[in-house]
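What follows is a set of notes on a single structure, which appears directly below.
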There are 2 protein chains.
Amino acid sequence: MKLIVQKYGGTSVRDAERVMNVARRITDTYKAGNNVIVAVSAQGDTTDDLIAKAAEINPHASKREMDMLLSTGEQISIALLAMAIEKLGYPVISLTGWQAGFHTNARYTNARIKNIDTERLHAELDRRRIVIVAGFQGINKYDDITTLGRGGSDTSAVALAAALHADVCEIYTDVDGVYTADPRICKGAYKLDEISYDEMLELASLGANVLHNRSVEMAKKYNVKLSVRSSLNNNEGTYVKEVSQVEKMLVRGVTRDNDCARIALCGVEDTPGKAFQVFGLLAGANICVDLIIQSIGDGKTKDITFTVAESDMDAALELIEKNNDVIKAREIKSKKEVSKVSIVGAGMVNNPGVAAGMFEALRDAHVNINMIATSEIKVSVLVDQKDAERAVNAIHDKFLSK
Amino acid sequence: MKLIVQKYGGTSVRDAERVMNVARRITDTYKAGNNVIVAVSAQGDTTDDLIAKAAEINPHASKREMDMLLSTGEQISIALLAMAIEKLGYPVISLTGWQAGFHTNARYTNARIKNIDTERLHAELDRRRIVIVAGFQGINKYDDITTLGRGGSDTSAVALAAALHADVCEIYTDVDGVYTADPRICKGAYKLDEISYDEMLELASLGANVLHNRSVEMAKKYNVKLSVRSSLNNNEGTYVKEVSQVEKMLVRGVTRDNDCARIALCGVEDTPGKAFQVFGLLAGANICVDLIIQSIGDGKTKDITFTVAESDMDAALELIEKNNDVIKAREIKSKKEVSKVSIVGAGMVNNPGVAAGMFEALRDAHVNINMIATSEIKVSVLVDQKDAERAVNAIHDKFLSK
């Protein structure tokens, strides 16, 4: 008998009809002779509604009480989903995070799973019950409820699969799987049958919006086979797993991320510690920096350019301007409406021609490159937002056209 | 330092403004140098909304999953109330039923509290925190969430007061206290300063709608001093406590209950076991019977008359008609639009004149009596619904006019 973990997001259970739809999918899997554990998110806008309720009373509520509040969203989902499965006539039980044995650290609103005490889960599976677990939540050592932060339900599902040695962890979303590019902006985009953990990690962090990085990292660490697929049809999705090198394509996907803004500090003094001065400041204000480029200094001055999320730009600028008596940049430039376009592929580390090919495609499409950053398995460029879609298509045509 | 338990119902916390209002009331009590524990219900219509959500998916959902669902209502309330108190700058922590140590039996949707493990409650009080506890809920021996059924939050509050030996348990509602009659139908009605547990029990079960019987029974058992008062003003409420006999008035209150229907089985055989036949049948269908009158038989036949809740009348009638081949009533009569009017007072047991006085008042008001039932501390009559208000006023004038 196989053990299958499934995860359904908030849109998959947003109303009664969708809940029944998900219930049928779960019972189909169970009927086929499998044990099934399901991690589920809060319905549709529930979490946002709860956040709004809290903000109305106290915009600076403690994180501990926010978790107490937000965890009710998943508890509602699991109860309703269990009721739907009862209606279909199958044995089922819903479990909150703490009932399912999710122990986390004490970092409220952004907790990390420490371990899963699987005793109850095993007991319920042994009784051949379908087990519905509240995603996104656990308890800490004080017996207080914690939530896992962004991507929490994906992480819950992968953690369940790892702890119970599940055969596969199926992540249901509203797309069919992982695509070579966003089909909404790239005509030639197609679904990948499989992809490696590392490639998925780069794709996830580059804005592919399918799986959260934390869950992929955990899947890689515990060698959990992931299947990303749609809750709205029966199409085969994309498997995320350890793929042997020979099977790998050079480039696996092209991504675009519009949530970027660029800040350039021109003519800062070329002395040690300058980068720490700038980025320590931003980190202290909890502003995440993505790409960083530092020009080679001339011994006197250098330029430091970096990108942040668009929503963080104003705060970042203000902070730097306020501290420019210390940083001493000659000029501070900023630009919104930029996009990060990236190619990802585990094969490219040994193929220096890939980056060159990307730049060639962009030149041929008359796209100007603002910044370049590379890692072992990706190359990212910053381009004007108006050029981004053209850039994605040009790169996709070059590397991924069928 | 005193320990005060407070309980706020759903209307008292129905929106952000009311939540802030309750928070101020709590912190005022705390500021005065008291330790404060609060039991709170789900906001406004939350519970009904959740029930509707469940019904849409599965009208026959298991009670276990209903409790999983409904318990989120109070969890939302406690988080929001704790956030409001944080905003006012006071140390506070919210606790779910299981965190607060409420252990119940396994009867889902209608569980009974077995004991409260007070370790965490004491720890939080020792840190001088205001403790906000989710009313209406606990966990059973399987670590599954249970709810306490009707009046559950009142019961939670009294149980907390009993377990922690609180100085008083303040029940906040939308009325000023316990009245001699419903002020909406009786001009002369006034608030009582105090009332005994037994009187309150009769008043509660007779439709005074202030405190649920279960909580009063528990308060009596553990000698918890209750204070029933309004969350909307600072008026002194009504104390419910052990009142010494000499202080007692003969009659403490007059109540009316419109949720009545009368069924009469005329000419049933006058043999042993007949009553059990009828009422065993109704009990098996979970229909509660209130007043029961059996005429003295003539050795051959007798009449059995009883009242049920109006909503149960059709089911009760159908059941009896279906089984009349066994019961063999010559005629089955029924009547809706009747009201039960009662007087309550611990003093009346030794004053046979009280019942007579009540009947006199009704005669003078030209109110016809359908049925009469008496207990040690109450006399109830069934009258036509159109006469009920006149009956209440006539009786109140007779016994309770100031």
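The values are calculated or read from the model by the stated rules, or taken from the named source; none is laboratory data. On a predicted model such as this, the values are computed, not experimentally measured, just so you know. Note that we place each Cβ from the backbone using ideal geometry, even for glycine, and neighbour counts take in every protein chain shown.
Would you check if B:GLY345 is touching a residue at least 60 places away in the same chain (Cβ under 8 Å) and not hydrophobic (A, V, I, L, M, F, W, C)? Spelling it out, B:GLY345 is indeed touching a residue at least 60 places away in the same chain (Cβ under 8 Å) and not hydrophobic (A, V, I, L, M, F, W, C).
Selection of the stretch B:137-152 for residues being modelled with pLDDT of 95 or more and over 18 Å from A:GLN75 (Cβ atoms) yields only B:LYS141. Could you go through the stretch A:51-64 and let me know if any residue there is at the interface with another protein chain (Cβ under 8 Å from one of its Cβ atoms) and farther than 26 Å from B:LEU80 by Cβ. Within the stretch A:51-64 (the criterion being at the interface with another protein chain (Cβ under 8 Å from one of its Cβ atoms) and farther than 26 Å from B:LEU80 by Cβ), the answer is no, since none of the residues qualifies. Among B:ASN370, B:ASN286, B:ASN350, B:ASN324, which is modelled with pLDDT under 90 and either farther than 30 Å from B:ASN393 by Cβ or among the acidic types (Asp, Glu) (or both)? Criteria check complete, one pass: B:ASN286.
Of the residues making up the stretch A:81-90, those that are facing another protein chain (nearest Cβ under 8 Å) and touching a residue at least 24 places away in the same chain (Cβ under 8 Å) number 3.
Here B:GLY101 passes the criteria (1) more than 14 Å from chain A (Cβ to nearest Cβ); (2) surrounded by fewer than 23 Cβ atoms within 10 Å (Cβ to Cβ); (3) under 30 Å from B:SER62 (Cβ atoms) except the one numbered (1).
When B:ILE37, B:ILE51 are checked against the criterion of being among the hydrophobic types (A, V, I, L, M, F, W, C) and in a strand (DSSP E or B), a single residue qualifies: B:ILE37. Just one residue in the set B:ILE78, B:ILE93 is in a helix (DSSP H, G or I), at the interface with another protein chain (Cβ under 8 Å from one of its Cβ atoms), within 25 Å of B:THR118 (Cβ to Cβ) and not acidic (Asp, Glu); that residue is B:ILE78.
Among the residues here, A:ASP387 qualifies as in the same structural domain as A:ASP290 (by TED's automatic domain parsing) and closer than 29 Å to A:ILE304 by Cβ. When we screen A:ILE116, A:ILE171, A:ILE130 for residues that are touching a Pro at 6+ places or on another chain (Cβ under 8 Å), more than 12 Å from chain B (Cβ to nearest Cβ) and crowded, with 19+ Cβ neighbours inside 10 Å, the only hit is A:ILE130. Taking the stretch B:1-36 as the range and being closer than 21 Å to B:ARG128 by Cα, small (Gly, Ala, Ser) and within 27 Å of the chain's Cα centre (by Cα) as the test, only B:ALA23 passes.
Yes/no per residue for (1) within 15 Å of B:THR255 (Cβ to Cβ); (2) of a type in the set (Gly, Ala, Ser); (3) touching a Ser or Thr at 6+ places or on another chain (Cβ under 9 Å):
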{"site": "B:CYS169", "(1), (2), (3)": "no, no, yes"}
{"site": "B:THR180", "(1), (2), (3)": "yes, no, no"}
{"site": "B:ASP198", "(1), (2), (3)": "yes, no, no"}
{"site": "B:LEU211", "(1), (2), (3)": "yes, no, yes"}
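Screening B:ALA16, B:ALA106, B:ALA32 for residues that are within 12 Å of chain A (Cβ to nearest Cβ) and hydrophobic (A, V, I, L, M, F, W, C) leaves exactly one candidate, B:ALA16.
Consider A:SER71 carefully, then state whether it is at the interface with chain B (Cβ under 8 Å from one of its Cβ atoms), in contact (Cβ under 8 Å) with a residue 24 or more places away in the chain, farther than 21 Å from A:THR11 by Cα and out of contact with any Pro (no Cβ under 8 Å at 6 or more places or on another chain). The answer is no for A:SER71. Residue count for the stretch A:296-320 satisfying the condition of being under 13 Å from A:CYS266 (Cα atoms) and either outside the structural domain of A:THR271 (by TED's automatic domain parsing) or exposed (fewer than 14 other Cβ atoms within 10 Å of the Cβ) (or both): 3. Taken over the stretch B:242-270, the criterion of being basic (Lys, Arg) and either modelled with pLDDT of 90 or more or buried (at least 23 other Cβ atoms within 10 Å of the Cβ) (or both) is satisfied by B:ARG252, B:ARG256, B:ARG262.
At least 3 residues being over 19 Å from the mean Cα position of the chain (by Cα) and of a type outside the set (S, T, N, Q) is the threshold, and among the helices (runs of 4 or more DSSP H) wholly inside the stretch A:99-212 those reaching it are A:119-126.
For the stretch A:35-50, taking the residues that are buried (at least 24 other Cβ atoms within 10 Å of the Cβ) and touching a Phe, Trp or Tyr at 6+ places or on another chain (Cβ under 9 Å), the one that is nearest to the other protein chains (Cβ to nearest Cβ) is identified as A:ALA42. Against the conditions (1) at the interface with another protein chain (Cβ under 9 Å from one of its Cβ atoms); (2) surrounded by 22 or more Cβ atoms within 10 Å (Cβ to Cβ), B:GLY138 satisfies every one except (1). Restricting attention to the stretch A:39-58, the residues being in contact with a Leu (Cβ under 7 Å, 6 or more places away or on another chain) and farther than 30 Å from B:GLY89 by Cβ number 2. Per the listing A:LYS31, A:LYS7, A:LYS2, the residue uniquely in contact with a strand residue (DSSP E or B) (Cβ under 6 Å, 6 or more places away or on another chain) and either within 30 Å of B:GLY89 (Cβ to Cβ) or of a type outside the set (A, V, I, L, M) (or both) is A:LYS7.
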